[in-house]
Amino acid sequence: MAIAGLLSLAVIPPAGAEDIRIIAPYLGAITDIQKGDSYDLKDTKLIEGLYGQWINPALYQWNVFVYHSADLNYSTVLGGHFIFDFYFGPDDWGGKFLVGAGIELMRFDMDAGDQIAPLQDFTQAMTVTVPYLRAGKYFILGNDAVRLSILPWVGVQPLWVNGSGSFVPPGPPMTVNVSLDDYELDGIAGINLKLTLFHFFEIEGKYQATFNAGNYRSVVTVDSNLFFTRNWGITYRFKYAQETSTGTDIYNMAGVVFSF
């Protein structure tokens, strides 16, 4: 699943700098691809999001992101995450150590009717809960004008799926009810690379691997901010996520960012 730690837009300013607060509303397009033994679905719809973050450069950052998309592969999607990272230790190589925790929640309500042939009256409702713990180390190169930060990290996440579905298969009319409940425990690891130029432009690329004994999934994210004043700018976000073994999400989002 998409992990909240990879949605951060955190800036790590020099120690002693004042707190930074960020608000960014987003609009964009999300493409959802689902492939199974009896179906092959691909759909693109509007996605709306709202991001907020508070950064204390010496001690911590937390951020929250909520999003919504309607009628995506016959589903309404509502989700969000909350992340908290705590910085500690000496600034060796320009950056501190990090320990973090977060949680991502996603809700899918699907009513496909007779659109997934040969099944009829296809419905399902599912909630996905993904808490996580991680630890890493910042390495910061450059100066106040041009700075590159590197964050390798590792962690662990349990994943709970709770839900149910129903459909009518071919043949004599008969409704089949299925449970979608599932659980898995995954290792996670990743690296974040961020380039900041003269405090007005930043671009960050992030890669995350989610893995267990029988599965490996990848998430690639690119975030960028361009500030026209000290407080106002524009923001763009791209994400490619292998959410499950049968599902992939791709989204492009843009918005206005306000920092204060």
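Values quoted throughout were computed directly from the atomic coordinates according to the rules given, and no laboratory measurement underlies them. Keep in mind it's a predicted model, so treat the numbers as computed, not measured. Because the Cβ atoms are built from the backbone with ideal geometry, glycine has one as well, and the counts that use them run over all protein chains shown.
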At q = 0.10, 0.17 Å⁻¹, what is the base-10 log of I(q)/I(0) for the stretch 4-259 according to the Debye formula with one equal point scatterer per Cα and no solvent? Please give it to two decimals.
-> -0.54, -1.34
Partner lysines for residue 239 [C-alpha distance under 26 Å; skip if fewer than 8 residues away on the same chain] | 35, 42, 45, 137, 194, 206
Neighbour-count ranking for 110, 174 (other C-beta within 10 angstrom, fewest to most) reads 174, 110
Just rank 92, 109, fewest to most, by other beta-carbon atoms within 10 angstrom.
-> 92, 109
Distance in nm between pseudo-label sites at residue 181 and residue 222 (7 Å out along the Cβ direction from Cα) = 4.3
Does the stretch 87-193 classify as rounded, prolate or oblate by the C-alpha gyration tensor (a ≥ b ≥ c root eigenvalues; a/c under 1.5 gives rounded; else a/b over b/c gives prolate, otherwise oblate)?
-> prolate
